[in-house]
Amino acid sequence: MSGHGNRSRLETTGFADAVNGRASVRRYAPDPVRREDVEAMVGVAVRAANAGNAQAWRFIAVEDEAVRAAMRQAVDEAIDEMAAWPEAESLERELRAYRTYATFFEQAPVVLAVVVGPYQSLADDLHQRHGLSREERDRLRQRPDLQSLGAAIQLLCTAAHVLGYGTCWMTAPVLAAPAIEALLGVEPPHQLAAVVPVGRPLTAPRPSSRRPLPDVLEFR
C-alpha cells in the first residue's frame, strides 16, 4: 500500500472503530514493517494536542535486530541490578514476571523509542524562580511535557491498529533509559520516555474491558 493509500485509509476508517478496536499486542509475527507505514503512524502521532505547540517529541524507529537485542540486554541488566537490592529479597517470582513484561519488545520487527524534550512555560519558569521544588511544580503543572507525549503515543498506537499492526505502549523498559539513550544517540536534555513495539499481531487483538462511564464521568 502506498503512503497515499495509508493516509486515505486513516482518513476513511471510522473513528469509533479505530479507537475501540485498538488493543495492546505483546506477540508479533516476523513480517517486516514498511517504512512508509511507520511514517504514516508518526505522521498521525505528531498531530496530537501538545503544550504550547512545542512538539517536544522525537521518534526513533529501531529496525536493526542487534540494536533491539542490545536494548533488551540493557533492560535485563537494569532488572538484575534491582533484583540484587535487599528490598527485592523474596520477590523472585514477581521479578521474573516483570522481566517478561519489560522485555518482549525485542521480538517486534520495529521498536519505536519515544523521546521527550524539554518544555517550560511561563508558569513553570516563574515557579522555578520563586523556589518551588520539583514536587511542588509537578503538583501544580502535572507534567505538560509528558501529557503531550502521551497524546502522541495514543494516536500512534491507534494509527498502527488502523494500518493492521499491533503495538504496546511500554514504560517498563525506561528502567534502562541511560543505557538505551546511549545506544540510540539520545543526548540531554532529551530523554527516553516510552518504547512502542510495532508488528503484525500473531493473534487477533482482543481489546480489554473498560469501567462503565458512571464510574469515571460526572457532571457538575
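Scanning the stretch 160-199 for residues that are buried (at least 18 other Cβ atoms within 10 Å of the Cβ) and of a type in the set (D, E, K, R) yields a single hit, E181. Pairs meeting the criteria (first residue in the stretch 17-43 and touching a residue at least 12 places away in the same chain (Cβ under 8 Å), second residue basic (K, R), beta carbons under 6 Å, at least 6 apart or on different chains) are A23/R206; A29/R200; D31/R200.
Which of the helices (runs of 4 or more DSSP H) found entirely inside the stretch 58-147 contain at least 2 residues meeting this: under 17 Å from V186 (Cα atoms)? If you could, list the steps in order and put the result at the bottom.
Numbers: elements: 65-83, 92-103, 122-129, 134-141.
Helices (runs of 4 or more DSSP H) meeting the threshold: 65-83.
Taking residues in the stretch 194-220 that are on the phi < 0 side of the Ramachandran plot, and partners anywhere that are of a type in the set (S, T, N, Q) and in a loop (DSSP other than H, G, I, E, B), the pairs with Cβ atoms closer than 6 Å and at least 6 places apart or on different chains are A194/T171.
Kindly indicate whether S148 is among the polar types (S, T, N, Q), surrounded by 13 or more Cβ atoms within 10 Å (Cβ to Cβ), out of contact with any Cys (no Cβ under 9 Å at 6 or more places or on another chain) and more than 18 Å from V111 (Cβ to Cβ).
On the way: among the polar types (S, T, N, Q): yes; surrounded by 13 or more Cβ atoms within 10 Å (Cβ to Cβ): yes; out of contact with any Cys (no Cβ under 9 Å at 6 or more places or on another chain): yes; more than 18 Å from V111 (Cβ to Cβ): yes.
Yes.
Is it the case, given these coordinates, that V115 is under 12 Å from the mean Cα position of the chain (by Cα), open to solvent by 20 Å² or more (accessible area, probe 1.4 Å) and β-branched (V, I, T)? Walk me through how you get there before you give the answer.
Details: under 12 Å from the mean Cα position of the chain (by Cα): yes; open to solvent by 20 Å² or more (accessible area, probe 1.4 Å): no; β-branched (V, I, T): yes.
Judged against the criteria, V115 is not a match.
The selection criterion, being open to solvent by less than 40 Å² (accessible area, probe 1.4 Å), aliphatic (A, V, I, L, M) and closer than 29 Å to G43 by Cα, does not hold for A78. Within the set R129, R47, R141, R68, the sole residue that is without any contact (Cβ under 8 Å) to a residue 24 or more places away in the chain and surrounded by 11 or more Cβ atoms within 10 Å (Cβ to Cβ) turns out to be R141.
Could you pull out the residue among Q73, Q55 that is open to solvent by 30 Å² or more (accessible area, probe 1.4 Å), under 29 Å from Q142 (Cα atoms) and not basic (K, R)? Walk me through how you get there before you give the answer.
Working: Q73 fails: under 29 Å from Q142 (Cα atoms).
The conditions single out Q55.
The values are calculated or read from the model by the stated rules, or taken from the named source; none is laboratory data. Bear in mind the structure is a predicted one, so any value in this text is a computation, not a measurement. When we count neighbours, we look across all protein chains shown, and the Cβ atoms used for this are built from the backbone with ideal geometry, even at glycine. These accessible areas exclude ligands, DNA and RNA; they are computed on the full protein's heavy atoms, side chains included. Shrake-Rupley method; radii C 1.70, N 1.55, O 1.52, S 1.80 Å.
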